[in-house]
Structure formats: structure tokens, C-alpha cells
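Novice: If you scroll down you'll find the structure; I have some questions about it.
The values are calculated or read from the model by the stated rules, or taken from the named source; none is laboratory data. The structure presented is a predicted model; accordingly, all values stated were derived computationally and were not measured. Please note: Cβ atoms are built from the backbone with ideal geometry, for glycine as well, and neighbour counts cover all protein chains shown. The protein model used for the area step is the full one, side chains on, heavy atoms only, and it has no ligands, DNA or RNA in it. Shrake-Rupley method; radii C 1.70, N 1.55, O 1.52, S 1.80 Å.
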Amino acid sequence: MSRPRLWLADSIQLACRARSVGPNPGSPAVARRSGPSQAYHGVARRQWVLSQRNRNLSLILAVALVLGLAACRAGAEDGEPPTPSACYEVFAEVESRVLAWSDHPVATRIPIAGAQITLRLDGALVGRGQSMQGDTDTIFTALRGAMREAERRLPVARDALFEDMMRAHASRMTIGIEFAGETTPMSPDALEDVTLALSPGLDGVCVRAGSRIEAMFPTTMLWAGIGPGSAMRAVLSELSGDPSLALRPPRELGTRHGITFAWFRVRHLQQLTAGRPPEFLTRGGRVVEQRDLRSAELRAFAEGIAAYLIGQTSRTIVGAELAGGYRPVLGEDSGPASAMQRALVSAALARFAASDGGATEAGRVAQETASALLENIAALNEREPVAGDAGLAALVELALAWHPSPPESERLTRLRRDAAVTLRAVLSAPNQVSPSVESIAVCAMAVGGIETDAIRERMRTLMTTTDLGHIVSLMPWLGWAELALSGNDGVVPSGAGLRQLREVLWTHQLTANDTGPRALDLVGGIVFTASNTPLPSWHTSRPLALMASMLGDPRLTPESEVPHELARLLVSVRFLRQLAADGVVCHAFAAPDRARWGIRSAVWDQRMPPEASAMTLLTLTELLDSLEAIAARRNSGS
């Protein structure tokens, strides 16, 4: 048996799980470092002791699982797709056939285990064909399938000019080829957790019954928004014609029906523009380089996200509405945004506009849009008391407090008054809301100057009674509340705790050693504990926003530590940039201009919830402000 590669998806995910402590969904595992600071005395210390006891067990379990999964991935060393040079050679042959619109056989010099060819016309998918026959005709079979589908889907009359018209269309088509390596059988035990065993967007799946074989390639999963488990069930249903088989135990399918399962790697070569040379892509995109994150690029990144969020709004009779989420592959909204989502986006745009200071058109439009969203929420509050929701009340207060020029209207005055009543009620009965909502409420009151004495007491309670494994779920809000109450020059009472929290957070930042060369797009992501797919997502932006604020505060990051902390922070900002829909990722989207700069849920999940873009914009705004503060201190010599 060949030695399993350390950069396979199971190794990444199992390493993530080995680091995890506590069952909190959506919060990073943060109990791996040495004992807690004085600011987290008591519960946190007991949590740390328990985490040390569990750490060795977690590592042992991780190693055991890796060894167990090695059985299903045996032969992976021999499952490499064709070499890059061979891929380029085949691509040139395929392109010549497409431009000539000829299905003359394309016999390759070496057998190819499998391939999928995708044809797009002006960005829209018009043809897709695949083959897993594993011989020198594999490419020809896949190409013929893609061409025949394009002929069916394009509105071209089958007359004497048919071939000329198809060649005219072909000159505007882009071609993508996924080259598969040899398939690797999966054991029934591994099939129980396909999501753990395979890397979404990088590995394909196939099902064989006798001489018949069906497969689903990674890009098909990416653009359909499904994971390896769902893909395996879909392929099984397609092959068998019996959807109920997907509900049977994998071992039974093998013994009673003769069905076997396998996975395979791919190398994806894609044209981004018709007639231009193709590029190798990772999960449908290009891996963002760390060197692409200079100051000007960070500013452009922030402005791009602000423009995306503004583009998701539409003016109404009163204010502006917001799309509740965007599905860029289809070019569709997932319905109107909730009042909470509108308030969060308004707060993010207001904070960006305040940082911009009206210096750019982006900042001015962001300010206008933030005001329009607030007016819309105020109008809604006239019809139903939405300000009675503590989370919404907190975000409304933050949006108004951050706004460089808060809009004035009777509706907004009543909205802010109602929000303040709700926030004060949270202080008097904190157990009526979740800790995460309470942390946003505390932040809003601290920033807005509401009941500051009571806030300090409640914040200390949250700080000292929440263990390290869960306190990150209260960030950035709780940390921002602490900074707001401390002012610019006062002592930060929980400064030691915040610094230690930052150190612990970085221990859960994925590095190139964790991901290996196949998944460098994940570098910088922060691992979260409870998830069906324990890989980093847009939630990385939540604690990162506080880390960006801390960078520019000399009480939390002395000048001597700035270079080191900035370097660590930029690694995670690189991951957020990876989530952004740039020109490469947008090649497969229905409306590239509308999707550009939107933040995807994950590198394998193309959906764009407004929270993802809003929190990333807040992170970048805090980072840019911190960099300016550092530069100002250096220029003044302080």
C-alpha cells in the first residue's frame, strides 16, 4: 500500500478536527495554547485543563482515522491525472476540432482514465460531455458528447448553413477540460462519511455496476452547489435508475447489487476568454498569491465589496431593499433580505463610508445606500415593531453610530428610540437572548454611548464566564465593545485576554503545511469546530475583524510586534480574497458583472449571503484604518 499523501482532504480535515474543542457551531476551536490569562480566570482555566487532557486523544483519533481512510485511497500515488504538458497537447487538439466543428476522432498518444469537456458560449453552459472509458478514445467520446449537446441547445436550424452557423458560435466559445486520474476504490466504511474522505471541488466521484460507469466531475459539483456525498447519491441514482438505492447501506449495495464506488483526482484546464490560451484552475478559480495584497489592492478589494453590496440593493418608495442572497451560477436572488441582513449591510457600508471620509465616489455611494437601507427598516418598523428584536436593534444602533452623517427623519428617530428601549431591556434580562446576540447588543450600546456603566459590568461577566472554546463566537462584537469603552488612551481591561485570544486563534489558521500543494486556496482560513465539512468558510471574517482592529491599537499591538502580527493577519486576508468572485471565478457565472467582488460562502460553495460580504468589508475597513494609524504614528515618531 502506498503511503497516503499528507495534503489529501482527509488529512486537512482530520487535522482541523484534532484541534477542535467544544460543540459550538460556527466558532473557531481555541483551546490549544498554554493556560489562559488573568482576564479569563476561572471557567477558562478549567476548560484549558480539560482541553489538554483531550488533546492527545484527539491526535490519536486523527491518526487512526487517517490510517483507516488510507485503505479507501490506496493507489492515490498512481491516480495522478495526465501531466500539464500532456493536458496542453490534448487541449490544442480539442480546440482545433471545436473551431472546425468537426467530430473527427481525437486519439491521444496515451490512455486517459476519464475526461469532462465543457463548452460555454458568452459564459453560458451550452455543452458538456464526459467519458470514463479509460482509453485513447476517452477525449473523443467526451468531445462528441459536448458538441452534440451544444447542437441541441443552441437555436440553429438544421439546414445547409448549419455547420457554418455552428462554427461561428464556436469561435465565441470557451473550452474547459477536466482530466481525470485513475479511479481509486472506496471501501464501504469510507462511504459512510464521503464528505470527510473527499475534498469538495477537487475530487470527482464515480459509481460502477458491471461494465457501466457513471461519474460526476468536480466542476459539476461546484456549479450545482452539492458536495461529494450528494454527488455520489446522484450518480448512483442515474446509473441504477432507482433513486431508492441511494438510501441503502453501501455494503449492501456491493454484496447484493454488485455496485462499487470510487473517487478520482482531476487537472482542470480552462479557457477564460474565447481564443485565448487556457489556464489550470483550482476549484474553478486561481489561487490568490500573498504578494497580491499590497495596500492599493486592499483598498480596491474593500471598494469592490462595497460596490457589490450596493449592487444588491434596489431603490423603493421608501429607502432601499436588499437581496437576501445571490446565487451567481444561476444569476438569481434567493428572495428579499431580512431586516437583520439589511441592518448589517447598512452598518458595514456606514463604517466603510466613515473610514473613506467622502474621499471617493465609492464612499459617497456607500453612505447614501446605508441611509436608504435604514430608512427602509424604519418604514418597516412603522408597520410592525421589528426594533423589538435585540439583534436587529443592535445593528440599527451600530449603523447609525458609525454613519458619518446619520439621516434624519421622524421614522428614523422613532426607530432609534425603539431600538434603545430594546437594548436596555437586554441589560435588565440578559438571559432572554443568546450570548451571541447579547454581545452585539453590548457592542452597539458601547459604540452608541448607551448605559456605559451597566455595559461594563455585563461585558466583564461575559468575558469571565465564557470559555475560550466559545468566546470567539462573540467576536468581533465583544472585543469592539471593550475597545469602545476604553477610548483611545485608556487602559484596555481585558487586553491580556484579547492578546492571548489572538495567539490561540492563529494556531487554527491553516498553513501551506496543513493544506499541501493541492489545496493552497485554503491557506489562511480559520478552522471552525462543528461543521459537516470542517474546512474554513466566510466565517473566518468574524474573528478576523477584531484582529484587524487590534493591529492598529498600540495597547494591544506594540510597534515591535506590528510586522509579525500584520504578516499573520494578511495570510487570513488572503483567504478572504480567495473567497471573492474575481474575473477568473466569474467565468462560470450567469451575470459576471453583478457577481464580481461578492464573497462566496466557501471556495466550493458559490452562494453569496450578504453577511459574508458585510463582515469581510468590516474586516478590510478595520485593517485599512489600522494601517493608516500605524503609518501616522511612525510619521510622527510616537
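Novice: Using 0.36 nm per residue, how much length does the chain from residue 291 to residue 104 gain when fully extended, once their Cα-Cα distance is taken away?
Specialist: 62.8 nm
Novice: Treating only the Cβ atoms of Lys and Arg (+1) and Asp and Glu (-1) as charged, compute the dipole magnitude of the chain about its Cα centre; round to the nearest 20 debye.
Specialist: For this selection, approximately 1060 debye.
Novice: Could you order the peptides 349-362, 613-626 from most to least packed, using the average number of other C-beta atoms within 10 Å per residue?
Specialist: Numbers: 349-362: 19.6, 613-626: 25.1.
Result, highest mean Cβ count within 10 Å first: 613-626, 349-362.
Novice: If you line up the long axis of helix 562-579 against the longest principal axis of the chain, both from Cα atoms, how many degrees apart are they, to the nearest 10?
Specialist: So the inclination is approximately 50 degrees.
Novice: Between residue 316 and residue 361, what's the calculated FRET efficiency when r is the beta-carbon distance and R0 is 22 Å? Round to 0.05.
Specialist: Computed FRET efficiency for residue 316 and residue 361 comes out at 0.45.
Novice: Sticking with this structure for a sec: At a Förster distance of 35 Å, what's the computed FRET efficiency of residue 428 paired with residue 488, Cβ-Cβ distance as r, to 0.05? Write out the running numbers ahead of the final one.
Specialist: Values: r = 30 Å, r/R0 = 0.86.
Efficiency computed from Cβ-Cβ geometry: 0.70.
Novice: Here is a follow-up. Quick one: length gained pulling residue 168 to residue 122 fully straight, 0.36 nm per residue minus the C-alpha distance?
Specialist: 15.3 nm
Novice: Say the dipole of region 130-280 comes from +1 at the beta carbon of Lys and Arg and -1 at that of Asp and Glu; which of 258, 166, 206 then lies farthest toward its positive end?
Specialist: Ranked along the dipole, the leading option is 166.
Novice: Expressed as an acute angle from 0 to 90° and rounded to the nearest 10, what is the orientation of the C-alpha long axis of helix 435-448 relative to the principal long axis of the chain?
Specialist: Roughly 50 degrees, rounded to the nearest 10.
Novice: Moving to a separate point now. Kirkwood hydrodynamic radius for region 496-638: how many Å is it when counted over pairs of different Cα atoms?
Specialist: Value: 16.0 Å, from the Cα pair sum.
Novice: Mind checking the per residue accessible area of the chain for me, 1.4 Å probe, whole number of Å²?
Specialist: Values: 25540 Å² over 638 residues.
Per residue, the chain has an accessible area of 40 Å².
Novice: With a 10 Å radius around each residue's Cβ, average the other Cβ atoms per peptide and rank 597-609, 233-245, highest first.
Specialist: 597-609, 233-245
Novice: Is it possible to state the helix-based mean residue ellipticity at 222 nm for the chain, with each DSSP H run of 4+ residues giving -39500 (n - 2.57), the sum divided by total residues, to the nearest 500 deg cm²/dmol? What is it?
Specialist: Theoretical 222 nm ellipticity from helices: -16500 deg cm²/dmol.
Novice: Diagonalise the Cα gyration tensor of region 277-336 and give the resulting equivalent ellipsoid semi-axes, square root of 5 times each eigenvalue, largest first, whole Å. Before the final figure, lay out the partial values.
Specialist: On the way: eigenvalues 177, 70, 12 Å².
Each semi-axis is √(5λ); the values are 30, 19, 8 Å.
Novice: Turning to a different aspect of this structure: Once the chain is represented by equal point scatterers at the alpha-carbon sites, with solvent omitted, what log10 I(q)/I(0) does the Debye formula produce at q = 0.06, 0.09, 0.12 Å⁻¹?
Specialist: -0.37, -0.81, -1.26
Novice: For region 211-346, take the convex hull of the Cα atoms, compute a quarter of its surface area, and give me that in nm², please.
Specialist: Details: hull surface 57.5 nm².
Result: 14.4 nm².
Novice: Under a point spin-label approximation (7 Å from Cα along Cα-to-Cβ), what is the residue 461-residue 279 distance to one decimal in nm?
Specialist: 5.3 nm
Novice: Based only on the alpha carbon positions, what is the Kirkwood hydrodynamic radius of region 166-235, in angstrom? Numbers along the way, then the final one.
Specialist: Values: mean 1/r = 0.0731 Å⁻¹.
That comes to 13.7 Å for region 166-235.
Novice: Multiplying the sequence separation of residue 410 and residue 238 by 0.36 nm and subtracting their Cα-Cα distance, what value in nm do you get?
Specialist: Between residue 410 and residue 238, full extension yields an extra 56.0 nm.
Novice: Turning to a different aspect of this structure: Going by alpha carbons, how many degrees (0 to 90, nearest 10) lie between the helix axis of 477-486 and the longest principal axis of the chain?
Specialist: Roughly 30 degrees, rounded to the nearest 10.
Novice: While we're looking at this one, here's another question. Taking the alpha-carbon centroid of each part, what is the distance from region 438-514 to region 258-308 in angstrom?
Specialist: Comparing the Cα centres of region 438-514 and region 258-308, I get a distance of 35 Å.
Novice: Given a Förster distance of 35 Å, report the FRET efficiency between residue 633 and residue 307 from their Cβ-Cβ distance, rounded to the nearest 0.05.
Specialist: Computed FRET efficiency for residue 633 and residue 307 comes out at 0.70.
Novice: If you average the sequence gap of Cα pairs under 8 Å that are 6 or more apart and divide by the length of the chain, what percent do you get for the contact order? Each step should come with its number before you reach the end.
Specialist: Values: 1191 pairs, mean separation 117.8, N = 638.
Computed value for the chain: 18 percent relative contact order.
Novice: Ok, one more. What whole number of Å gives the distance from the Cα centroid of region 155-218 to the Cα centroid of region 518-569?
Specialist: Taking the Cα centre of each part, region 518-569 and region 155-218 sit 36 Å apart.
Novice: Within 10 Å, count the other beta carbons around each residue, average over each peptide in 364-377, 476-489, and list them highest first.
Specialist: 364-377, 476-489
Novice: Which residues does the label zone of residue 152 cover in region 210-232, counting backbone N under 17 Å from a point 7 Å along Cα→Cβ?
Specialist: The answer is 215, whose backbone nitrogens lie closer than 17 Å to the label point.
Novice: If each Cα of region 390-524 is one equal point scatterer, what is log10 of I(q)/I(0) from the Debye formula at q = 0.11, 0.12, 0.13 Å⁻¹?
Specialist: Debye intensities relative to I(0), on a log10 scale: -0.48, -0.56, -0.63.
Novice: Another question, if that's okay. Determine the share of the chain's accessible area contributed by carbon and sulfur atoms, expressed in whole percent, with a 1.4 angstrom probe. Kindly include the intermediate steps, with their values, before the conclusion.
Specialist: Values: 13420 of 25540 Å².
In the chain, the share of accessible area belonging to carbon and sulfur is 53 percent.
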